[in-house]
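Here is the structure we will look at, set down as structure tokens.
The values are calculated or read from the model by the stated rules, or taken from the named source; none is laboratory data. Just so it is clear, the structure is predicted and the values come from calculations on it, not from any experiment. All Cβ positions, even for glycine, are placed from backbone atoms using ideal geometry, and neighbour counts span all protein chains on display.
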Amino acid sequence: MPIKTRKRLTSRRALIALGMIVATATCAYTQTLESLPPYQPEQKVSGIIRNFGIKMEGMVKIWEEGFRKYHPNIRFEDTLIMPSGIAGLFTGVADIGTSGREPVLTDPLPTNGGSGS
């Protein structure tokens, strides 16, 4: 491929990438909380939601209180003493797993004997 054609393709790709970045950034910053429609539950729910992981500086309790405003028949069982809630999800003892970080590949290791499979 001639150098001139390669440069043109590279420039075109760079412009497309820049356009995508600008469009994504614009979309991300134009949505505000006020622009979202108010939450309307579509069905009544009841029972227990099991949460496993960390307190997240009190955010878990705030989320639970907010959820109960719309679903007062829900009860939460929290085990908020672990550094990551992923283990609770893998072992089936939790419906929600809170964590203060992104999940990593080694998170399931304690739940399967350390084999990673």
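For this structure, a couple of remarks:
- Checking every residue in region 1-14 against the condition of being modelled with pLDDT of 75 or more and not aromatic (Phe, Trp, Tyr) gives zero matches.
- Just one of (1) of a type in the set (Ser, Thr, Tyr); (2) in contact with a strand residue (DSSP E or B) (Cβ under 9 Å, 6 or more places away or on another chain); (3) free of Cβ contacts under 8 Å to residues at least 40 places away in the same chain fails for Thr98. It is (3).
- In the set (1) in contact (Cβ under 8 Å) with a residue 24 or more places away in the chain; (2) part of a loop (DSSP other than H, G, I, E, B); (3) more than 19 Å from the chain's Cα centre (by Cα), Lys55 fails one condition alone, (3).
- Ile48 vs. criteria farther than 23 Å from Pro38 by Cα and surrounded by fewer than 13 Cβ atoms within 10 Å (Cβ to Cβ): yes
- Qualifying residues in region 58-105 (those that are at pLDDT 90 or above and in a loop (DSSP other than H, G, I, E, B)) - the one nearest to Pro41 (Cα to Cα): His71
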